[in-house]
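Engineer: Supplied in structure tokens, the structure appears directly below.
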Amino acid sequence: MLLHMRLLVPAFVLLALLVLVACSTGEPSTIASTREPASTTITPTPSAQPTPSAEPTPRVTMAPVVLAPTASPTPVPIYHAPPYMVAIEAGHGGPNWFGAVGYDADGNRLIEKDLALDTALRLDELLREAGFETLVVRDGDFTLTPFASADYRPNMIAETQARVDLANAAQADVLVSIHFNGAVYSSLRGTETYYNPDRSFGAESYALAMFVQGELLGALAGLDHEVNDRGVRNDAEVGGDPDNAHSYLLGTNDGFSPSLMPGIISELLFLSNPEDAARAAEAETRQGLAEALRDGIAAYFAWLSQRVPPPTPAPAPVAAPPPAQCCSFSLW
Ligand SMILES: [Zn+2]
């Protein structure tokens, strides 16, 4: 579809490329490639439903401050016993970083940063109910860094670095970024999830992306929405810079202190498509998508625990028998 349009309307190609998926990684974007993701083969298994815990685990709240980049580039250990921490990053935010914009059926404006935040907060609650720890990188309509000037790119990089630094400082186990998509052509619609295969934990990121994408599609089908699977994709497809092809959020770009854990960027629906936008505007849909994100995340950790069984605990030492008591006399 995209290639076909490129041929038919060459005058709009550059504009389309610049806008398509412009929100996805928070970077000026182009579709650099249509190649498939790396050929890692991981077959998702049906997700394990999380078992609600009696008490929600605490949520780590972060003030809008800037931390120094993490000193150590050592990735967060992949395998360890629960609980697991999920860093939730609601895309965009603040007065100057809106992301995609669309309209619902009544002509009301839909702004990506607002819908992403709403979905992120729903996901936060669901994950804590399921026993996960969470770090909500942005829990309000703000940015962590000044984002005031029109110089978009350095602002975006600095803001993304601040968000990655928070996830790294918290030693989160996974980083989940929530976005809604936008394109010049309103016919473009659907759901896609990005990951970075070129990290030491690329296989884990791919698995997380596959689990989440599958759950998202299932949730939309369950809501009677016409599903368009745009797939699990390499984030280098939208980077736009040959020297820094990957997204800053998931990548290893020059001059950037990268995230230290598996991560994904989920583009839930296209706000520029009337049918997708109408569904994104519904709280029921966003709740369903948040539940799908939770289920995909839970399935990832269930898969991880089966992939490398935890070591068998050493047998507990046999307790020595208590010394004989000589108090039975009083009982007789
Ligand atoms: Zn976005």
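Engineer: Normalised by the empirical 2.2 N^0.38 Å for globular proteins, what value does the Cα Rg of the range 153-219 take? Walk me through the numbers on the way to the answer.
Structural biologist: Working: Rg = 14.5 Å, N = 67, 2.2 N^0.38 = 10.9 Å.
Cα-based Rg divided by the globular estimate yields 1.33.
Engineer: What translational diffusion coefficient, to the nearest whole µm²/s, does the range 138-192 have by Stokes-Einstein, given a Kirkwood radius computed over alpha-carbon pairs, a temperature of 20 °C and 1.002 mPa s viscosity? The partial results should precede the final answer.
Structural biologist: Values: Rh = 13.7 Å.
The calculation lands on 156 µm²/s.
Engineer: Along its three principal axes, how long is the range 99-257 when you only count alpha carbons? Whole Å, largest extent first please.
Structural biologist: Principal axes ranked by extent give 44, 38, 32 Å for the Cα atoms.
Engineer: Another question about this same structure. Mind checking the range 178-255 for GluC sites (Glu not before Pro) that DSSP puts in a loop (not H, G, I, E or B) and that have at most 14 other Cβ atoms within 10 Å?
Structural biologist: Details: sites: Glu192, Glu204, Glu215, Glu226, Glu237; in loops: Glu226.
Answer in residue order: Glu226.
Engineer: For the range 85-186, what is one quarter of the convex hull surface built on the Cα atoms, given in nm²? Let's see the in-between values first.
Structural biologist: Working: hull surface 30.1 nm².
Convex hull of Cα atoms, orientation-averaged projection: 7.5 nm².
Engineer: Per 5 Å bin, what percent of the C-alpha pairs of the range 172-273 does each bin hold, from zero upward?
Structural biologist: Per 5 Å bin, starting at zero, the Cα-Cα P(r) for the range 172-273 comes out as 2, 14, 22, 23, 18, 12, 6, 2, 0 percent.
Bear in mind these aren't lab numbers, they're just calculated from the coordinates by the rules spelled out. A quick note: this is a predicted structure, and the numbers were derived from the prediction, not measured. Note that we place each Cβ from the backbone using ideal geometry, even for glycine, and neighbour counts take in every protein chain shown.
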